[in-house]
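To start, the structure under review is shown below, and the notes come after it.
The values are calculated or read from the model by the stated rules, or taken from the named source; none is laboratory data. As the structure is a prediction and not an experimental result, all values here were calculated from the model. Backbone-built Cβ (ideal geometry, glycine too); neighbour counts: all protein chains shown.
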Amino acid sequence: MAERLLGVETEYAISAMQGREAAARVPVIRRLMELAHATLPNVRDGSSCGLFMENGGRLYLDCGMHVEFSTPECVNPWDAVRYVEAGHQTMLKLIERFSAICAPGLETACYRVNVDYGGNCATWGCHESYQHRVNPALLPPQLIPHLVTRMIYTGAGGFDPFSDGLKFTLSPRAAHIERAISSDSTSERGIFHTKDEPLCADYHRLHVLCGESLCSQLAMFVKLGATSLVVAMAEAGLAPGDQVQLDSPLNALRTVAGDLTLKRQLEMKGLARKTAIEIQRHYLEMAEAHLGDDFMPPWAPVVCQQWRRVLDLLDRGPAAAAGALDWPTKLPLFLRHAERRGLTWSRLAFWNALLERMRKAMQLPPDGSQFPLEHAVGPETPIPDLVKRINALLRRKGFDWDELKQALALRSEFFEIDMRFGQLGPQGLFSMLDEAGVLDHRVSGIDNIEHAMRNPPATGRARLRGAVIKRVAGDREGEWCCTWQRIYSQRHGRLLDLSDPFAKEELWQDQPVEEGACVF
Amino acid sequence: MRFLQRFNNEQPQAGGDGDSGSDGLLEQFRSQGDQLLAAGDEAIQRALAGSNSEAFLRAGRQQGGE
């Protein structure tokens, strides 16, 4: 049985409120990082202003002033989810510490959320890394059908940030994916990201950026486990994607994101059409057929069991997966809230389409800016013919513009609900539902989160990294710094090479380096 | 008007654009049990109490990102 390393990066949203008004966010983030340096046992990150923690993970500021936590390298999906949760708890503790010392009335919070509904059309990433040894150029056709269709269980749920209306989507992040394959990560993102930065010797690293931050343990577990198995099958030469090639991956991605019925058929190369569930079953059945093979990791049978359970649930419709997966849990909350607010959910699709048509007619790009409805339908409308036709349609249907205006007035409230769903701590909606005992998302074996905040995984180089950091964190005079592949003390002239991801023992090298020289 | 009907038909959000009140979709969730909906109602009311949603979204607004 083969060990496989995997890990997760989570970018967190941080908000600051003074009373009912927004407060400056950047000073809060800077202070949080200062607190992290001062209060968490750590070694300075040699490649950024961040730090490596005693659990082997990395906390740092990424582009856009995002606080980001990378889990240590893990050898199974239980550990990967455990360390994601440990990252959440670490962030929560930092927020609590900050709240205790910040200016009176300043309220800060931290969120696992995927898109910014605040008008900037930005997105927070949740990236996955999978170690492999296959030629990276061979991976896209094997992975893309999986990455597109896994959204049925990996979707966080929420609203399309580029829609002028309220358009529920299985995956808000999907709106930020613009290519089938791309090397970019901040614009023109691809379903398949070609970045191959191994951060170790003798392996490649598949970096997946089309996924999302999730709250459900089950969704995270199956996302990481199933994708690992697809990579393993590709590495073994089974070509798991060959029989399920999508005609247009990007179109398929949009279709899956908007299909709450899970029954839409996707155009395949050739004559066949398949649903996302059928494509996922294709991958699952191939994995099940090879469970006893040497290339499979030892945990593959349990992952397949949970993968099958999730697909069986979804086969019965999203309601069957409510409480177990993210988007099927969020959707009924939005439906119910719409009902309470007097909105007819089923008509939102109509209004969304109408807004989309008017924006197009006015030649306004779909850039997330607020649609000027009053201008569009007012006496100075730049699209009089279209508005006339729409008015006639509304009269025939007995609809009224006021209904649309009411929906638009409530957009921010729905967006706030989405963001608060993933808020860390007891005030988060997901946490409240979990506390109320109405969820069924936990995976047996994902436990000891407190322990994972202070201790590394038991296997691989992360174990060594964490042990060293625990030992030297207090030695400020040693001028220690760390990267994924090395730990080094400038003062002591000692270097630990961790380029072997499965390193089992500390093999230190004496390596005097001149002041200011970089060993990384 | 075909363009609007076409758009509408392409949006399987729920049971079409009829005015038949709240949707079959919500009923499907209700049929699985009202506990999640009731707990969700309560949680949302607590979370939104006294909140200014516009300011809340501004407070979390970001630049860039991966």
Which residue is surrounded by the most Cβ atoms within 10 Å (Cβ to Cβ), if the candidates are limited to region A:5-23 and must be hydrophobic (A, V, I, L, M, F, W, C) and within 16 Å of A:Asp116 (Cα to Cα)? A:Ala13
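Residue-wise test of (1) surrounded by fewer than 21 Cβ atoms within 10 Å (Cβ to Cβ); (2) assigned to a strand (DSSP E or B); (3) outside the structural domain of A:Asp500 (by TED's automatic domain parsing); (4) in contact with a His (Cβ under 6 Å, 6 or more places away or on another chain).
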position	(1), (2), (3), (4)
A:Pro161	no, no, yes, no
A:Asp164	no, no, yes, no
A:Ala175	no, no, yes, no
A:Ile181	yes, yes, yes, no
A:Ser187	yes, no, yes, no
A:Phe192	no, yes, yes, no
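Kindly indicate whether B:Glu27 is within 29 Å of A:Val256 (Cβ to Cβ), more than 7 Å from chain A (Cβ to nearest Cβ) and either at pLDDT below 90 or assigned to a helix (DSSP H, G or I) (or both). Lay out the reasoning, then the answer.
Numbers: within 29 Å of A:Val256 (Cβ to Cβ): yes; more than 7 Å from chain A (Cβ to nearest Cβ): yes; either at pLDDT below 90 or assigned to a helix (DSSP H, G or I) (or both): yes.
When the stated conditions are applied, B:Glu27 passes them.
Looking at A:Asp184, A:Asp242, A:Asp196, A:Asp247 in this structure, which one is away from chain B (no Cβ under 12 Å), out of contact with any Lys or Arg (no Cβ under 7 Å at 6 or more places or on another chain), more than 30 Å from A:Ala376 (Cβ to Cβ) and charged (D, E, K, R)? Let's see the steps before the verdict.
Details: A:Asp184 fails: away from chain B (no Cβ under 12 Å); A:Asp196 fails: out of contact with any Lys or Arg (no Cβ under 7 Å at 6 or more places or on another chain); A:Asp247 fails: out of contact with any Lys or Arg (no Cβ under 7 Å at 6 or more places or on another chain).
Answer to the selection: A:Asp242.
Of everything in region A:16-47, what is assigned to a loop (DSSP other than H, G, I, E, B) and either aromatic (Phe, Trp, Tyr) or within 14 Å of chain B (Cβ to nearest Cβ) (or both)? Give them in sequence order.
In the first step, residues of region A:16-47 are kept if they are assigned to a loop (DSSP other than H, G, I, E, B); the result is A:19-20, A:23-25, A:40-41, A:46-47.
Residues satisfying the conditions are A:Gly19, A:Arg20, A:Ala23, A:Ala24, A:Arg25.
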Which of the residues that make up region A:138-153 are surrounded by 24 or more Cβ atoms within 10 Å (Cβ to Cβ), more than 17 Å from A:Leu209 (Cβ to Cβ) and of a type in the set (A, V, I, L, M)? A:Ile152
List the pairs whose first member sits in region A:107-128 and is facing chain B (nearest Cβ under 9 Å), whose second member is polar (S, T, N, Q) and in a loop (DSSP other than H, G, I, E, B), and whose Cβ atoms are under 6 Å apart, counting only residues at least 6 apart or on separate chains? A:Asp116/B:Gln62; A:Ala122/B:Gln62; A:Trp124/A:Asn114
I need the full set of residues from region A:345-392 which are within 14 Å of another protein chain (Cβ to nearest Cβ), modelled with pLDDT of 95 or more and outside any helix (DSSP H, G or I), in order please. A:Ile383
Single condition A:Tyr111 does not satisfy, out of (1) at pLDDT 95 or above; (2) touching an Asp or Glu at 6+ places or on another chain (Cβ under 9 Å); (3) among the hydroxyl-bearing types (Ser, Thr, Tyr): (2)
Quick one: would you say A:Ala232 is assigned by TED's automatic domain parsing to the domain that holds A:Lys269, out of contact with any Asp or Glu (no Cβ under 6 Å at 6 or more places or on another chain), more than 30 Å from A:Gly64 (Cα to Cα) and surrounded by fewer than 18 Cβ atoms within 10 Å (Cβ to Cβ)? no
Any chance you could count how many residues in region A:375-426 are charged (D, E, K, R) and surrounded by fewer than 16 Cβ atoms within 10 Å (Cβ to Cβ)? 10
Which one is nearest to the other protein chains (Cβ to nearest Cβ) among residues in region A:393-407 that are in contact with an Asp or Glu (Cβ under 9 Å, 6 or more places away or on another chain) and among the hydrophobic types (A, V, I, L, M, F, W, C)? A:Phe399
Of the conditions (1) touching a Gly at 6+ places or on another chain (Cβ under 6 Å); (2) not in a loop (DSSP other than H, G, I, E, B), A:Pro72 fails just one. Which one is it? (2)
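Would region A:209-223 turn up any residue that is free of Cβ contacts under 8 Å to residues at least 12 places away in the same chain, of a type outside the set (S, T, N, Q) and in a helix (DSSP H, G or I)? Even if it seems obvious, please write down each step before you answer.
Step one: of region A:209-223, the residues free of Cβ contacts under 8 Å to residues at least 12 places away in the same chain are none.
No, because not a single residue in region A:209-223 is free of Cβ contacts under 8 Å to residues at least 12 places away in the same chain, of a type outside the set (S, T, N, Q) and in a helix (DSSP H, G or I).
Can you confirm whether region A:319-331 contains a residue that is at positive phi, away from every other protein chain (no Cβ under 14 Å) and part of a loop (DSSP other than H, G, I, E, B)? Explain how you work it out, then say what you get.
To start, the set of residues in region A:319-331 that are at positive phi comprises A:323.
So of that shortlist, the ones also away from every other protein chain (no Cβ under 14 Å) come out as none.
No, every residue in region A:319-331 fails to be at positive phi, away from every other protein chain (no Cβ under 14 Å) and part of a loop (DSSP other than H, G, I, E, B).
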For residues that are surrounded by fewer than 20 Cβ atoms within 10 Å (Cβ to Cβ) and more than 14 Å from chain B (Cβ to nearest Cβ), scanning just region A:250-276, find the one that is nearest to A:Pro77 (Cα to Cα). A:Leu250
Set A:Arg82, A:Arg4: member being more than 14 Å from chain B (Cβ to nearest Cβ), part of a loop (DSSP other than H, G, I, E, B) and closer than 20 Å to A:Val208 by Cβ: A:Arg4
If I filter region A:56-76 for residues that are buried (at least 19 other Cβ atoms within 10 Å of the Cβ), without any contact (Cβ under 8 Å) to a residue 60 or more places away in the chain, under 29 Å from A:Arg133 (Cα atoms) and among the aliphatic types (A, V, I, L, M), do I get at least one hit? yes
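Looking only at residues that are without any contact (Cβ under 8 Å) to a residue 12 or more places away in the chain and within 22 Å of A:Ala392 (Cβ to Cβ) in region A:350-371, which one is surrounded by the most Cβ atoms within 10 Å (Cβ to Cβ)? Steps first, please.
Kept after step one, since they are without any contact (Cβ under 8 Å) to a residue 12 or more places away in the chain, are these residues of region A:350-371: A:353, A:360, A:363-365.
Next, only the ones that are within 22 Å of A:Ala392 (Cβ to Cβ) stay: A:353, A:360.
Details: A:Ala353: 23, A:Lys360: 14.
Applying the filter and picking the extreme gives A:Ala353.
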